[in-house]
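The values are calculated or read from the model by the stated rules, or taken from the named source; none is laboratory data. Note that the structure is predicted; figures quoted are calculated from it, not measured. Cβ placement follows ideal geometry from the backbone for every residue including glycine, while neighbour counts extend to all protein chains displayed.
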Amino acid sequence: MEFAITELLDYESSVAWIIEHFHPAGLKCPLCGKPQEQAREFRRTKRSQLRVYRCRGCHMTYNLYSGNVFQQTHLTPMQVVLLMRGICKGESSKVLAKELELNYGTVLTLRHEIQLNAEHAQPSAPLSDTHTETDEMFQNAGEKRRGTL
Ligand SMILES: [Zn+2]
């Protein structure tokens, strides 16, 4: 029996999880820093079903993934949550790709970037599954590194 695992999570709770972990201060305009409450939602992306906001301050458009490693991907919020969970649990990229119905190369690339970010945050400490360190890893994973934007 195969579970369509991404269907076990709902969209809104996945979005809330991503905001909590990748944008702990709340979703903001990446250009001028105005909070998302001061933006209007004007469309949804096709594949990821992300709300695209237009900032009322500077008219920049952005979404949940702007400025993080998922920016150029078409992952749904549910896939992002389950991918992060799988990486933290040490699941193989092959298993994750199959479970989440993602391209194997996409999983490898994202895992690599996320782990680089985590190492960047803690140069001497190995990845650990303790709560605090996992949170730090998430926050760092959220930050797309300078020069790669
Ligand atoms: Zn703005």
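Tabulated values for the structure
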read-out: Residue within the range 4-12 that is modelled with pLDDT of 95 or more and small (Gly, Ala, Ser) present; value: no
read-out: Residues located in the range 3-53, provided they are surrounded by fewer than 14 Cβ atoms within 10 Å (Cβ to Cβ), more than 16 Å from the ligand (Cβ to nearest atom) and among the aliphatic types (A, V, I, L, M); value: ALA4, LEU8, ALA16
read-out: In the range 59-71, residue farthest from the chain's Cα centre (by Cα) [restricted to those that are surrounded by 13 or more Cβ atoms within 10 Å (Cβ to Cβ) and within 14 Å of the ligand (Cβ to nearest atom)]; value: MET60
read-out: Pairs, first under 12 Å from SER66 (Cα atoms) in the range 23-43, second within 14 Å of the ligand (Cβ to nearest atom) and not aliphatic (A, V, I, L, M), C-beta under 6 Å, six or more apart; value: LEU27/GLN36; LYS28/PRO35; CYS29/CYS55; PRO30/TYR62; PRO30/SER66; PRO30/GLY67; LEU31/CYS58
